Amino acid sequence: MAASSREASVGFDTVLVLDFGAQYAQVIARRLRELHAYSEIVPGDAPAEEILARRPSALVLSGGPASVYAEGAPGMDPAVLEAGLPVLGICYGQQLLADALGGEVARTDAAEFGRTSLTVDDPGGRLLGEQPLAQIVWMSHRDTVVSPPPGCRVLASTAASPVAAFEDPERGIFGVQYHPEVSHTPWGLEVLKAFLDVAGVRRTWTSHSVIAAAVGAVREQVGDAQVVCGLSGGVDSAVAAALVHEAVGSQLTCLFVDHGLLRQDEAEQVEQAFGAHSDTRLVSIKAADRFLRQLEGVSEPEEKRRRIGEEFIRTFEEAALEHASGAAFLVQGTLYPDVVESGHGSSATIKTHHNVGGLPERMNFDLVEPLRWLFKDEVRRVGAELGLPEEIVERQPFPGPGLAVRIIGEVTREKLEVLRAADAIFRHELARAGLEGEIWQAFVVLPDVRTVGVQGDERTYGYPVILRAVTSEDAMTADFARIDYDVLERVTGRIVNEVPSVGRVAYDVTSKPPGTIEWE
Ligand SMILES: Nc1ncnc2c1ncn2[C@@H]1O[C@H](COP(=O)(O)OP(=O)(O)OP(=O)(O)O)[C@@H](O)[C@H]1O
Ligand SMILES: O=c1[nH]c(=O)c2[nH+]cn([C@@H]3O[C@H](COP(=O)(O)O)[C@@H](O)[C@H]3O)c2[nH]1
Ligand SMILES: NC(=O)CC[C@H](N)C(=O)O
Ligand SMILES: [Mg+2]
């Protein structure tokens, strides 16, 4: 069905991150890619054949919540280590490596969480050889390696970790107790870079080479067949469409669906932006009635996504018959975080994004997803490189299920109107205050409750709305935006005055985690 990972990595040296349940295995993959080494995440316990079939040039073992000496602790197929690939273990990964190779791991008396002072005791090694002897690292552990595997030299220590880093470059074995992937470890990126250098990983993964590889893979996948692309006006589908257009030109027809869950004036704006300056055929489909019918009486978020995902596919199928000679390939702008959050590998399912887990079992399409292995910032760079205008490349994300996941409970036409009006005011005022650039996403949420107020000496009993604005790097983590109270006051004043049924406005100050960006 979907393009396999092997197609994505053709022509690039690949570093596989074996995930042992780390909170942010993605962050390791991101950092490696920042260093221009292509990286993907696989479940830590995947069979050796599966891992080696990807022809990795090196492996990184992630952190994880378990203790290696505990019963049932996640481990790896021993044949993976026997293959002799360069390996870097991080935290749990380091402990696993030590345990597998004859070292010793034990619980320490003093756990280390957060900022920790590290001493490089042996500056003669490859991993830390170029680094300051005293430095700050970020730790998150209770267990520690007390003796390294025979043949490995100890490079560094902290108060609670006698073996905070070890290596045997001859055998390609490296381990660090701390987290080089997080920005709180100032010399962390240098650790990863040193590892890639010793491992001989070629760092050739750039937007330019990504485009060349993706264009080739798309051509090979679709041949001279007709292709349709779900185009939302968002960054991901715009970049996916541009890539596919580059690959197969006039075989591509883009389908924009107005499902009645879009923001104020959005349909017209998308039609204008993409109809005007693009040489790709764009078909605009009015489908509000059928989507809203599917959502009648539905309040559970996963069920909303599933129904919307299915209705998208049915709409695309009909449109492909009518406008694209029954095209059997569907291009989607699916990104890596969509895949990860929908419960890929060993990560938990947070929400089944409509375009991944929300897809129906039966459909008449093979998927073409050239961005399935990319993070958002990487997609933006690819878009810029393909020459897409800045207003498209820098656009804030908007979820495919649209306002349906911002109306808590059942979606009705009346609630859609209330939310659209409030949302337009919030975004307009942010733009006026010049804050759009620093905010990842800003929107309004309509909860399923009523609230008492007083306006013009009269009791009101209307909706509260919640303003949500976040900063983020890749939507995997996020923080609430520190918006000026004056701006919030202006927004609130306008909303309660201009949207009659809203009597109260709140600002959401939750980060992700523990919240998610959307409320559903
Ligand atoms: N209104 C729509 N019409 C057609 N296709 C859509 C629509 N909304 C979403 N899709 C499809 O679902 C995919 C996933 O949606 P998603 O919102 O994650 O991406 P995007 O809209 O392209 O970019 P962004 O994340 O920046 O909003 C899109 O890339 C597109 O293929
Ligand atoms: O196309 C989409 N289909 C979905 O079902 C979906 N759910 C969340 N999002 C968007 O994904 C990013 C992360 O959102 P969360 O923190 O709410 O999980 C944010 O950018 C969200 O807007 C979706 N996009
Ligand atoms: N962050 C981690 O990988 C923790 C590893 C292990 N659970 C410990 O406490 O040491
Ligand atoms: Mg979108």
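Structure notes:
- Spans of strands (runs of 3 or more DSSP E) in the stretch 454-520 with at least 3 residues over 16 Å from Phe426 (Cα atoms): 458-472
- Residues (under 30 Å from Val182 (Cβ atoms) and crowded, with 17+ Cβ neighbours inside 10 Å) located in the stretch 478-507: Ala478, Phe480, Ala481, Ile483
- Cβ pairs under 6 Å, 6+ apart, first in the stretch 301-327 and farther than 16 Å from Leu231 by Cβ and touching a residue at least 40 places away in the same chain (Cβ under 8 Å), second crowded, with 21+ Cβ neighbours inside 10 Å and among the aromatic types (Phe, Trp, Tyr): Glu311/Phe291
- Lone qualifier among Arg380, Arg395, Arg372 - being in a helix (DSSP H, G or I), under 30 Å from Glu34 (Cα atoms) and not aliphatic (A, V, I, L, M): Arg380
- Filter result for Asp99 (in contact with a Phe, Trp or Tyr (Cβ under 8 Å, 6 or more places away or on another chain), surrounded by fewer than 24 Cβ atoms within 10 Å (Cβ to Cβ) and in the same structural domain as Trp138 (by TED's automatic domain parsing)): yes
- Scanning the stretch 80-98 for residues that are over 19 Å from Arg126 (Cβ atoms) and either over 32 Å from the mean Cα position of the chain (by Cα) or part of a loop (DSSP other than H, G, I, E, B) (or both) returns Glu82, Ala83, Cys91.
- Residue check, Asp377 within 30 Å of Arg306 (Cα to Cα) and surrounded by fewer than 19 Cβ atoms within 10 Å (Cβ to Cβ): yes
- Within the stretch 68-109, the set of residues being within 13 Å of Ala164 (Cβ to Cβ) and modelled with pLDDT under 95 comprises Thr108 only.
- Test for Leu243: is it in contact with a Cys (Cβ under 7 Å, 6 or more places away or on another chain) and either under 25 Å from Gly326 (Cβ atoms) or within 16 Å of ligand 4 (Cβ to nearest atom) (or both): no
- Of all the residues in the stretch 52-77, those that are under 25 Å from the mean Cα position of the chain (by Cα) and either not assigned by TED's automatic domain parsing to the domain that holds Leu101 or not aliphatic (A, V, I, L, M) (or both) number 9.
- Residue-level check: of (1) among the acidic types (Asp, Glu); (2) touching a residue at least 60 places away in the same chain (Cβ under 8 Å); (3) surrounded by fewer than 18 Cβ atoms within 10 Å (Cβ to Cβ), Glu429 misses just (3).
- Residue within the stretch 409-419 that is surrounded by 15 or more Cβ atoms within 10 Å (Cβ to Cβ) and within 16 Å of ligand 1 (Cβ to nearest atom) present: yes
- Among the residues listed as Gly260, Gly309, the single one being within 24 Å of Pro397 (Cα to Cα) and at pLDDT below 95: Gly309
- Scanning the stretch 55-79 for residues that are among the hydrophobic types (A, V, I, L, M, F, W, C) and in a loop (DSSP other than H, G, I, E, B) yields Ala66, Val68, Ala70, Ala73, Met76.
- Contacts under 6 angstrom Cβ, first residue in the stretch 354-367 being in the same structural domain as Leu261 (by TED's automatic domain parsing), partner at pLDDT below 85, 6 or more apart: Val356/Asp338; Val356/Val339; Val356/Ser342; Gly357/Ser342; Gly358/Thr352; Leu367/Met1; Leu367/Ala2
- Positions within the stretch 221-250 being touching a residue at least 60 places away in the same chain (Cβ under 8 Å) and away from ligand 2 (no atom under 16 Å from the Cβ), in sequence order: Gln221, Val222, Ala225, Gln226, Val227, Val228, Ala242, Leu243, Val244, Glu246
- When the residues of the stretch 273-321 are filtered to those that are more than 16 Å from ligand 2 (Cβ to nearest atom) and basic (Lys, Arg), the one that is farthest from Glu417 (Cα to Cα) is Arg281.
- When each of Glu394, Glu436, Glu378 is tested for being among the acidic types (Asp, Glu) and over 20 Å from Ala242 (Cα atoms), the lone residue that passes is Glu436.
- Residues that are in a loop (DSSP other than H, G, I, E, B) and more than 11 Å from ligand 2 (Cβ to nearest atom) within the stretch 399-419 comprise Ile408, Gly409, Glu410, Val411, Thr412, listed in sequence order.
- Checking each residue of the stretch 266-281 against the condition of being of a type in the set (A, V, I, L, M), surrounded by fewer than 18 Cβ atoms within 10 Å (Cβ to Cβ) and more than 17 Å from Ile392 (Cα to Cα) gives no match.
The values are calculated or read from the model by the stated rules, or taken from the named source; none is laboratory data. Since this is a predicted model, take the numbers as computed values, not measurements. With ideal geometry, Cβ positions are generated from the backbone for all residues, glycine too; neighbour counts draw on all protein chains shown.
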